[in-house]
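Working notes for the structure below.
The values are calculated or read from the model by the stated rules, or taken from the named source; none is laboratory data. None of these values were measured; they are calculated from a predicted model. Every residue, glycine among them, receives a Cβ derived from its backbone with ideal geometry; neighbour counts consider all protein chains shown. These accessible areas exclude ligands, DNA and RNA; they are computed on the full protein's heavy atoms, side chains included. Shrake-Rupley method; radii C 1.70, N 1.55, O 1.52, S 1.80 Å.
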Amino acid sequence: MKLEGKVAIVTGASRGIGRAIAKTLAKEGARVLVNYVRGAVEAKKVVEEIRAAGGNAIPVAADVSKKNDADRLVDEAVRAFGRLDVLVNNAGILVGGNILDTTEQDWDRVMAVNLKGPFNCMQAAAKVMVRQKSGKIINVSSISGLGGAPGGELAYSCSKAGLINMTMVAALDLGSHGINVNCIAPGWIVTDMVIRHTGSEKKFNEVKELKSGQAMIGRVGDPQDIANLALFLL
Ligand code: NAP
């Protein structure tokens, strides 16, 4: 029980990597806010699974790209559990497009969720954590943000590079308040995001084989790999 008594928000926890992180933190004793934007059924299922395993969690709908929603998400943690110790900024979207064909609308949407979302949530959470003089924030970026992106993910790669930089700046801003800010930059992890993005089962299997061959351990990542790293950082 490494997180006994702690309160954690995991954004985008209805599916994929966020779901694995929420369940892992709950297993270690954290009380978890399972955030989602559209997937109410999926988020409730995650909460039920956590409760069935003896943990404590509540689902909270909030669009992280909207400041009012992010503020409400953090308020809900304090209202429900009295404090906030952990924020995992995991919610994200992948919209394809290269420098020639990315639309302004797609650019704005990706930046709003992937970059402004973590900003909104970090700012709201940090105000509570500064008062507590402690807190841990983890931002989920991507290998795409480190310059390792395949073509055709322009807005996504830029948003994830921005998130790495925002992590470093926020870590400097908040370190003296007893708050750690770290970033995880996963490679290719099997979730709805990559299944949708590859477009067909055939293409998915081809990409999976390619990525497995490129990976040092000979297989692609699993959401639990990222959840284990998040727990290590916390
Ligand atoms: P996923 O399966 O598509 O899940 C995305 C999650 O984000 C869902 O829970 C979704 O909620 C939530 N979400 C989307 N927009 C939101 C918003 N505006 N406000 C709140 N929640 C929102 O994706 P994933 O693969 O698990 O990815 C999780 C994170 O890891 C993302 O930041 C992604 O960029 C990053 N990542 C993924 C990979 C990969 O290969 N999968 C690699 C590197 C980095 P709803 O269910 O309500 O829609």
If I build a Gaussian network model for the chain, linking alpha-carbon pairs within less than 10 angstrom, which residue out of 99, 164, 217 has the largest mean-square fluctuation? 217
I'd like the orientation of helix 117-132 relative to the chain: the angle between its Cα long axis and the longest Cα principal axis, in ° from 0 to 90, rounded to 10. 20
To test your reading of the geometry: what angle, between 0 and 90 degrees and rounded to tens, separates the Cα axis of helix 154-175 from the longest principal axis of the chain? 30
Using only Cα atoms and rounding to the nearest 10 degrees, what angle (0 to 90) does helix 16-27 make with the longest principal axis of the chain? 30
Where the centre of each part is set by its Cα atoms, how far does segment 107-128 sit from segment 1-80, in angstrom? 17
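Rounded to the nearest 500, what is the 222 nm mean residue ellipticity of the chain from helices alone, with -39500 (n - 2.57) per DSSP H run of 4+ residues and division by all residues? Mind showing how you got there, number by number?
Working: 9 runs with 118 residues, N = 234.
That comes out to -16000 deg cm²/dmol.
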For residue 6, what residues show an amide H to amide H distance below 5 Å, using hydrogens built from the backbone and excluding near sequence neighbours? 31
Cα-projected label distance for residue 222 with residue 67, points at 7 Å along beta-carbon direction, nm: 4.2
Applying the Karplus parametrisation 6.51 cos²θ - 1.76 cosθ + 1.60 with θ = phi - 60° to the phi angles of segment 73-83, what ³J(HN,Hα) value in whole Hz is obtained for each residue in order, glycine and proline being reported as x? 4, 5, 4, 5, 4, 5, 5, 7, 10, x, 6
Write down the accessible area per residue of the chain in Å², having rolled a 1.4 Å probe over the full set of protein chains. 50
Probe radius 1.4 Å, ligands and nucleic acids left out: which of 107, 188 has the largest accessible area, and how do the rest follow? 107, 188
With the convex hull built on the alpha-carbon atoms of segment 7-233, volume per residue in Å³ sits at 123
In µm²/s, what is D for segment 160-234 at 20 °C and 1.002 mPa s, where D = kT/(6 pi eta Rh) by Stokes-Einstein and Rh is the Kirkwood radius from Cα pairs? 148
At 10 °C in a medium of viscosity 1.306 mPa s, segment 1-78 has a Stokes-Einstein diffusion coefficient, with Rh taken as the Kirkwood radius over alpha carbon pairs, in µm² per second, of 132
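Using a 1.4 Å probe on the protein heavy atoms, what percent of the accessible area of the chain belongs to carbon and sulfur?
Working: 6310 of 11620 Å².
Answer for the chain is 54 percent, counting heavy atoms of protein chains only.
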